[in-house]
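The values are calculated or read from the model by the stated rules, or taken from the named source; none is laboratory data. On a predicted model such as this, the values are computed, not experimentally measured, just so you know. Using ideal geometry, Cβ is built from the backbone for each residue, glycine included, and neighbour counts are taken over all protein chains shown. Surface areas here come from the heavy atoms of the whole protein model, side chains and all, with no ligands, DNA or RNA. Shrake-Rupley method; radii C 1.70, N 1.55, O 1.52, S 1.80 Å.
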Amino acid sequence: MITHLLVALALAAPGGTLADDVKLDDMLAHLQAFQAIADAHGGNRAAGTPGYDASADYVAARLMEAGYTVELQPFRFVAYRQLAPAVLRVHGTDLGKVSTLVNSGAGEVTAQPRRVGAGCADTDFAGFEPGGVAVVDRGRCTFETKAARASTAGAKALIVVNQGGAFDGNAGAPQPIPVVGVDSEQGAAVSKARQVTVVTRTETQRWLTRNVIAQTATGATDDVVMVGAHLDSVEAGPGINDNGSGSAAVLEIALRMATRRPDRAVRFVWWGAEELGLLGSRHYVATLPPEERAKIGMYINVDMVASPNHTFAIYDGDDSDQVGQGPGPEGSARIERAFQDFFTARGLPYTGSDFTGRSDYGPFIAAGIPAGGLFTGAEALKTEAQATMFGGTAGAPLDDCYHKACDDLKNINTHALDVSADAVATVITTFAWRR
């Protein structure tokens, strides 16, 4: 009942609430800045690139102008990139499209292929002649294990054969040899060949990037409210919805918080390298001393909040939907209810979203920290029921430009962005002030 009262008070206040002060035009100005940064840096703002660094500098500069002390937390990561599609030739004939497994090494190898079964045990490679191309069946162990066994046995390349069609995969860690995947028909052709050529063009580099962190000057620091959004895009595009939208919303909320005096300190974070595996948030949580981790009262995640064919999905803190993963740590249900109260008070529909671990709440949940947040949708198709509830187009993706070059300023649903930012601001108000 206390949470319901606080939300009602925040919504009913005659102007001057945090949500009132967060304006759509100001958030759009941040998104225009992110778009300009991407346009000036090869079309993206991916971690480890000048586009990301410029994005981090932009956020830090706006925060410092507002009076915040800003921490740029550095961390290193290994990034894999495919520079060109893989090529597989049998006696000079190209077998067509094959997949380069993520973390494949680069190279061009022409040698005799040798079938070795699943390639999961050293005994599979008994009698394997070093310098050849190992051909293994998909399954029974990880691609990383297969690649490691093949490399140890002296293979100069590895071909993984599927029992069905084409597939993508991940070799787990950077490999010293080319690793490609083929369908069953291509696999049969390779098995009959006396010689094959495997060509991969990849690179693996160690990069330095940064999380951007700022905290209110006032408020108790032993029970902090954290709010975060990842700042990086994928390499394919500028990432204006994913996740310029969340970054812009959190930035504008932080700027409006600068002159306020919350009872609990509010810590704002813009994560680096989320698109490469939540690397920024993982680094942050992993390097926090236990006593500092215990001072985080909750984490609110803001990732993709302006999807064109949107829903308003609140993370299911109490697992009331009984879908996928279980509940979040104790306290997550309170965050969920605070978001629900906002939408109820506005007369707006909402739905639940499972804690799938695909965004930066994941490391916090794993550390036992209550988490919640809002999400308006990615590549999933809108259902008929969702179209009835939220409008939009059933059968179409919630964001048709997810991880694509078209995730630009034209991809922003301004209504979804405006409502989402108000929701996050209201929930922060609910927990940052004790009444």
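Residues in region 290-317 that are closer than 23 Å to A432 by Cα and either of a type in the set (S, T, Y) or free of Cβ contacts under 8 Å to residues at least 60 places away in the same chain (or both): P290, E291, E292, A294, Y299, Y315, D316, G317.
For G127, the requirement of being on the phi > 0 side of the Ramachandran plot and either free of Cβ contacts under 8 Å to residues at least 24 places away in the same chain or of a type in the set (G, A, S) (or both) is met.
Being closer than 17 Å to D318 by Cβ and not hydrophobic (A, V, I, L, M, F, W, C) is the filter; apply it to region 361-385 and report the residue that is surrounded by the fewest Cβ atoms within 10 Å (Cβ to Cβ). Checked region 361-385; the qualifying residue surrounded by the fewest Cβ atoms within 10 Å (Cβ to Cβ) is G368. Taken over region 296-322, the residue count meeting the criterion of being over 26 Å from E252 (Cβ atoms) and either surrounded by fewer than 21 Cβ atoms within 10 Å (Cβ to Cβ) or hydroxyl-bearing (S, T, Y) (or both) is 5.
Summed over region 378-389, residues that are touching a residue at least 40 places away in the same chain (Cβ under 8 Å) and out of contact with any helix residue (DSSP H, G or I) (no Cβ under 9 Å at 6 or more places or on another chain) total 2. Region 175-284 holds strands (runs of 3 or more DSSP E) entirely within its bounds, and those carrying 2 or more residues that are open to solvent by 10 Å² or more (accessible area, probe 1.4 Å) and either closer than 25 Å to L101 by Cβ or β-branched (V, I, T) (or both) map to 196-215.
Kindly evaluate R358 against the criterion of being open to solvent by 40 Å² or more (accessible area, probe 1.4 Å), modelled with pLDDT under 95 and under 13 Å from M304 (Cα atoms). Considered against the rule, which asks whether it is open to solvent by 40 Å² or more (accessible area, probe 1.4 Å), modelled with pLDDT under 95 and under 13 Å from M304 (Cα atoms), R358 comes out as yes.
Restricting attention to region 415-426, the residues that are farther than 25 Å from A36 by Cα and open to solvent by less than 10 Å² (accessible area, probe 1.4 Å) total 4.
Quick one: R346 ticks every box in (1) among the charged types (D, E, K, R); (2) touching a Gly at 6+ places or on another chain (Cβ under 7 Å); (3) at pLDDT 95 or above bar one, so which box is it? Failing condition for R346: (2). Quickly run through region 188-216 and pick out the residues that are within 21 Å of the chain's Cα centre (by Cα) and hydroxyl-bearing (S, T, Y). Selection gives T204, T209.
Being polar (S, T, N, Q), open to solvent by 50 Å² or more (accessible area, probe 1.4 Å) and at pLDDT 95 or above narrows it down to one residue among T429, T388; which is it?
Result of the check over T429, T388: T388.
Being closer than 27 Å to T376 by Cα and either touching a residue at least 24 places away in the same chain (Cβ under 8 Å) or not aliphatic (A, V, I, L, M) (or both) holds for only one residue in D242, D223, and it is D242.
For the criterion of being open to solvent by 10 Å² or more (accessible area, probe 1.4 Å) and either closer than 21 Å to M27 by Cα or modelled with pLDDT under 95 (or both), I412 passes.
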